[in-house]
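One structure is given here, and the rest of the page talks about it.
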Amino acid sequence: MRVLVVEDEPLLAAAIAEWLRGETHAVDLTGDGGAALERLGINEYDVLVLDRDIPVVHGDDVCRQLVESGSPTRVLMLTAAAAVTDRVEGLGLGADDYLTKPFAFTELAARVLALGRRSRPADPPVLRRAGLTLDPARHEVFRDGRYVPLSKKEFAVLAELLRADGATVSAEQLLEKAWDEHVDPFTGAVRLTILKLRRKLGEPGVVETVTGVGYRIP
């Protein structure tokens with residue numbers, strides 16, 4: 001999934017990003033509400049992890065503008081305020097979930113995953129196609145019962161291909177979902193990852209190239 005983290009405490013922001021990347025998500029970071037709105041206007045995010053008390057544009061206003069725009073991005077609001085009235089107010093602004101600081105990173109990751117599932121058509125708990133089985137929760141892949149060890153990027157790319165249910169996924173779409181905003185759009189990262197993925201999945205090949213369009217698992 002593509003996640004935007006908006007947190008003005010640099011150490012906490014970096015820790016959140018590192019943890020979520022460890023869960024195979026593509027993560028972008030910013031520390032103020034103005035920059036967050038700019039990124040939200042350019043990129044498509046599945047989940048926004050939003051600190052409520054941020055500079056330039058307050059988190060409440062970021063959330064309100066996002067909801068009013070009709071964006072499908074789900075919002076997980078973070079705050080140090082633990083009172084019930086604060087949580088109710090945050091949810092009333094349109095946030096989908098609310099987490100008070102300090103929090104466990106495992107809980108944050110679980111909430112992000114749950115929100116991401118709500119931002120797109122529901123996936124089955126385990127993705128299956130062409131003899132492949134991918135378990136998002138366990139980060140495991142099997143082909144015809146054989147365990148296939150994959151890197152985080154290979155796992156993320158395969159998950160997007162399986163979610164497409166036989167449809168073709170362009171390289172641009174894979175970059176959008178599996179890499180962060182710092183990736184060079186003209187890079188060969190997608191092609192190289194597909195090459196490595198094919199090698200690990202073995203023969204006969206299951207990932208097809210649709211010339212000029214992208215990739216698919218028929």
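The values are calculated or read from the model by the stated rules, or taken from the named source; none is laboratory data. Model, not experiment: these values are computed from the prediction. Areas reflect the complete protein model, heavy atoms only, side chains present, ligands, DNA and RNA absent. Shrake-Rupley method; radii C 1.70, N 1.55, O 1.52, S 1.80 Å.
Just so you know, the Rg over Rh for segment 1-113 is 0.92, from Cα atoms, with Rh as the Kirkwood radius.
Number of Lys-Lys pairs in the chain with C-alpha atoms under 17 Å apart and a separation of 8 or more places or on different chains: 6. The 3J(HN,Hα) values that the Karplus relation (6.51, -1.76, 1.60; θ = phi - 60°) gives for segment 201-208 are, in residue order, 6, x, 9, x, x, 10, 9, 9 Hz. Gly and Pro appear as x.
The mean of 1/r over all pairs of different alpha-carbon atoms in segment 127-216, once inverted, gives a Kirkwood hydrodynamic radius of 13.3 Å. Taken over the chain, the convex hull of the Cα atoms encloses 122 Å³ per residue. Over all distinct Cα-Cα pairs of segment 15-63, the Kirkwood formula returns a hydrodynamic radius of 11.4 Å. Only protein atoms count toward the accessible area here, which uses a 1.4 Å probe; on segment 2-117, the carbon and sulfur part of that area reaches 55 percent. Summarised in one figure, the compactness ratio Rg/Rh of segment 96-173, Cα atoms and Kirkwood Rh, is 1.02.
Taken per residue, the accessible surface of segment 2-117 reaches 43 Å², heavy atoms only and a 1.4 Å probe.
With contacts taken as Cα pairs under 8 Å and at least 6 residues apart, segment 127-216 reaches a relative contact order of 28 percent. Note on segment 169-218: semi-axes of the ellipsoid equivalent to its C-alpha gyration tensor, largest first and rounded to whole Å, are 20, 12, 9.
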